1. I need the full set of residues from region 67-87 which are farther than 19 Å from MET148 by Cβ and among the β-branched types (Val, Ile, Thr), in order please.
2. Is region 299-308 home to any residue that is farther than 18 Å from GLY216 by Cβ and basic (Lys, Arg)?
3. Does PRO64 qualify as being within 20 Å of the chain's Cα centre (by Cα), surrounded by 21 or more Cβ atoms within 10 Å (Cβ to Cβ) and at pLDDT 95 or above?
4. Scan region 14-36 and give yes if some residue there is within 30 Å of LEU302 (Cβ to Cβ) and not in a helix (DSSP H, G or I), otherwise no.
5. Of the residues in region 92-121, how many are among the polar types (S, T, N, Q), surrounded by fewer than 20 Cβ atoms within 10 Å (Cβ to Cβ) and touching a Phe, Trp or Tyr at 6+ places or on another chain (Cβ under 8 Å)?
6. Select the helices (runs of 4 or more DSSP H) contained entirely in region 214-292, then report the ones holding at least 2 residues which are aliphatic (A, V, I, L, M), out of contact with any strand residue (DSSP E or B) (no Cβ under 6 Å at 6 or more places or on another chain) and under 26 Å from THR93 (Cβ atoms).
7. May I ask you to verify whether GLY321 is loosely packed, with under 13 Cβ neighbours inside 10 Å, within 30 Å of GLY56 (Cβ to Cβ) and modelled with pLDDT under 95?
Amino acid sequence: MHSLKSLHQRISEAFSDTMFTQDPLQLYQPITYTLELGGKRLRPVLVLMSCEIFGGDIEKAIYPAMGLEIFHNFTLLHDDIMDNAPLRRGNKTVHQKWDTNTAILSGDTMFVIAYEHVAKTDPALLPQVLDLFNDTARKVCEGQQYDMNFETQADVAIPDYMNMIRLKTAVLIACSLKLGAILANASDDDATKIYDLGIELGMAFQLQDDLLDAFGDTSKFGKTIGGDIATNKKTFLFLKAFDLAKDDTLIKLTNYFYDKEISGAEKTEGILAIYRTLKIDEITQREIEFHHGKAMDIFRSLDFDEANSSEMVELMQEMLGREK
């Protein structure tokens, strides 16, 4: 069984060997820039790890794993345009470094490149893999649309939000795990179970992202802290706060979010103070632990040799262990 470190290294090597230097450079340079920003590359590592714990050969999973990571980065590139985000992983977003039209076109090209990589799959398994990839890509787009709808939708319930993050974030993590299982010729039952595990893990992962956006450290988180607050994004924290706030606290919370005269540090600090008073950070942490616990329960139900599963447990912990 490969160590978590060696799987990360293998994926890094694969991307280091993949350079986009062809013409027109204005199209391919932003792609190289995006992929070189790195991140933890959790999704391709999940593919390799799932493949190996089901007895597969990770080398046969390299290209499909890279395809998922390229697709993920494509969605982030377009997401940054929609959010007008200035930073991604502590660096300028593509539309800020170049321009919006370049970012759109480079993102579209990344989607094509992602397909090219996923298609480099054992032909016998390709129909299954493409069905999974297509279903995942569609759901991610559905999740993004719900996310945009919420920007102007006055009444958003927490279950609506949870469904949105399931589609926008969790299905790609679930896809990574199921893809690895398929490439290892795992049983349909095991492939379904590890997909369900990925959904729960992905929900916990996104809730952690929400929590860090409010209570994290920019230098460690890689994005501007308070970005969700500044844009009135209806995150779990936002919705739970409005559920719990009463009387004067509700009035203050509403004013901070919707009074256009209040902005910047005053808005962020005021809302964070209310979040702390309502213990929104603690409530969110409990929700994270709930979904992570469900993921662990599913994991324990799978018939893995303990020696081959310890690295997977470590990765599941690492996904939620980003420093605040």
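1. ILE70
2. Step one: filter region 299-308 for residues farther than 18 Å from GLY216 by Cβ, giving 299-308.
Right, trim to basic (Lys, Arg) and you get 300.
Scanning region 299-308 turns up at least one residue that is farther than 18 Å from GLY216 by Cβ and basic (Lys, Arg).
3. Details: within 20 Å of the chain's Cα centre (by Cα): yes; surrounded by 21 or more Cβ atoms within 10 Å (Cβ to Cβ): yes; at pLDDT 95 or above: yes.
It is true that PRO64 is within 20 Å of the chain's Cα centre (by Cα), surrounded by 21 or more Cβ atoms within 10 Å (Cβ to Cβ) and at pLDDT 95 or above.
4. Initially, region 14-36 is screened for residues within 30 Å of LEU302 (Cβ to Cβ), giving 14-15.
Pick out the ones that are also not in a helix (DSSP H, G or I) and you get none.
No: region 14-36 contains no residue that is within 30 Å of LEU302 (Cβ to Cβ) and not in a helix (DSSP H, G or I).
5. Restricting attention to region 92-121, the residues satisfying the condition of being among the polar types (S, T, N, Q) are 93, 96, 100-102, 106, 109, 121.
Still in the list and also surrounded by fewer than 20 Cβ atoms within 10 Å (Cβ to Cβ): 96, 100-102, 109.
Next, from what is left, pick out any that are touching a Phe, Trp or Tyr at 6+ places or on another chain (Cβ under 8 Å): 109.
Residues that pass the stated criteria total 1.
6. Working: elements: 218-221, 227-230, 236-244, 247-258, 264-277.
So the answer is 227-230, 264-277.
7. Numbers: loosely packed, with under 13 Cβ neighbours inside 10 Å: yes; within 30 Å of GLY56 (Cβ to Cβ): yes; modelled with pLDDT under 95: yes.
Yes: the conditions hold for GLY321.
For every residue, the table says whether it meets (1) touching a Leu at 6+ places or on another chain (Cβ under 9 Å); (2) under 25 Å from SER176 (Cα atoms); (3) modelled with pLDDT of 95 or more; (4) surrounded by 16 or more Cβ atoms within 10 Å (Cβ to Cβ).
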| position | (1), (2), (3), (4) |
| --- | --- |
| PHE221 | yes, yes, no, yes |
| GLY227 | yes, no, no, yes |
| LYS260 | no, no, no, no |
| ILE280 | yes, no, yes, yes |
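The values are calculated or read from the model by the stated rules, or taken from the named source; none is laboratory data. Please read these numbers as outputs of a predicted model, since none were measured by experiment. Glycine gets a Cβ as well: all are built from the backbone with ideal geometry, and neighbour counts include every protein chain shown.
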